[in-house]
Structures are given as structure tokens and as C-alpha cells.
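Enquirer: I'd like to ask some things about the structure below.
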């Protein structure tokens, strides 16, 4: 099944676990697959969030990736909804960072 992604940039020094915990609280969804090494937070049907840390020694930003099995537009829409939620419920400096669409 194809996965389409839309990236949100978080300009803050914060751990992956703390980032996942805050997102989980903000969207009122649990973190899943934490013990399997690919933790994610489900959003709506066919969409979920994962957090990518910078490489060792690199400064922030963190990449918060919203994935969708539906399409790039769906991933971007859910990413924008997540940006709005995080801006409303946290003091985080988050912004979308969308490249060209894979659906085009």
C-alpha cells in the first residue's frame, strides 16, 4: 500500500518521546508501535503521524511527518489540521514544509 507524506517542521529542541507525548495529548490519540521501533499516532482513517529526529549532532528542527494511504492531498490536509491543533494547544513554532505533490 503506498504511503504519501506531508512534513511539518518543529523549530524546537525536544526529544522524540516528548514530541510524541505532546502530539498524542493534543490530538487525544495514543502512541502506537512504540515497542516495535516505529512509533506513530493515528489520526483519521488512513492517516497517522511519525516523528523524525535530526541526525546525531544536528540541531533542530524536527520533522513531524503526516502519512496517508489515500494521497498527498489527504496527507497535506491532515498535516494542516495538526499544525492548527498544535498552534492552538502548545507554544510550539510549527509550520508546514510541503514539497511538490506526488499525485501531480
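Enquirer: Under 8 Å between Cβ atoms, which residue pairs at least 6 apart in sequence (or on different chains) link something in region 44-58 that is closer than 16 Å to residue 24 by Cβ with a partner that is exposed (fewer than 10 other Cβ atoms within 10 Å of the Cβ) and at pLDDT 80 or above?
Expert: These pairs meet every condition: 50/38.
Enquirer: For residues that are at pLDDT below 95 and assigned to a helix (DSSP H, G or I), scanning just region 26-43, find the one that is nearest to the chain's Cα centre (by Cα).
Expert: The selected residue is 34.
Enquirer: Now for a separate question. Report, by residue number, each residue of region 1-25 that is part of a helix (DSSP H, G or I) and surrounded by 18 or more Cβ atoms within 10 Å (Cβ to Cβ).
Expert: Correct list: 19, 20, 23.
Enquirer: Right, next: Does residue 54 satisfy the condition of being part of a loop (DSSP other than H, G, I, E, B), at pLDDT below 95 and surrounded by 13 or more Cβ atoms within 10 Å (Cβ to Cβ)?
Expert: Considered against the rule, which asks whether it is part of a loop (DSSP other than H, G, I, E, B), at pLDDT below 95 and surrounded by 13 or more Cβ atoms within 10 Å (Cβ to Cβ), residue 54 comes out as no.
Enquirer: Now, a different point. Failed condition for residue 46, given (1) at pLDDT 95 or above; (2) farther than 17 Å from residue 16 by Cα, with all others met?
Expert: (1)
Enquirer: May I ask you to say which residue of 60, 100 is modelled with pLDDT under 85, part of a loop (DSSP other than H, G, I, E, B) and either under 13 Å from the mean Cα position of the chain (by Cα) or surrounded by 12 or more Cβ atoms within 10 Å (Cβ to Cβ) (or both)?
Expert: After ruling out the rest, the residue left standing is 60.
Enquirer: Which residue, of 27, 22, is in contact with a helix residue (DSSP H, G or I) (Cβ under 9 Å, 6 or more places away or on another chain) and closer than 20 Å to residue 69 by Cα?
Expert: 27
The values are calculated or read from the model by the stated rules, or taken from the named source; none is laboratory data. None of the values given here were measured: they were computed from a predicted structure. Cβ coordinates were reconstructed from backbone atoms using ideal geometry, including for glycine residues, and neighbour counts include every protein chain displayed.
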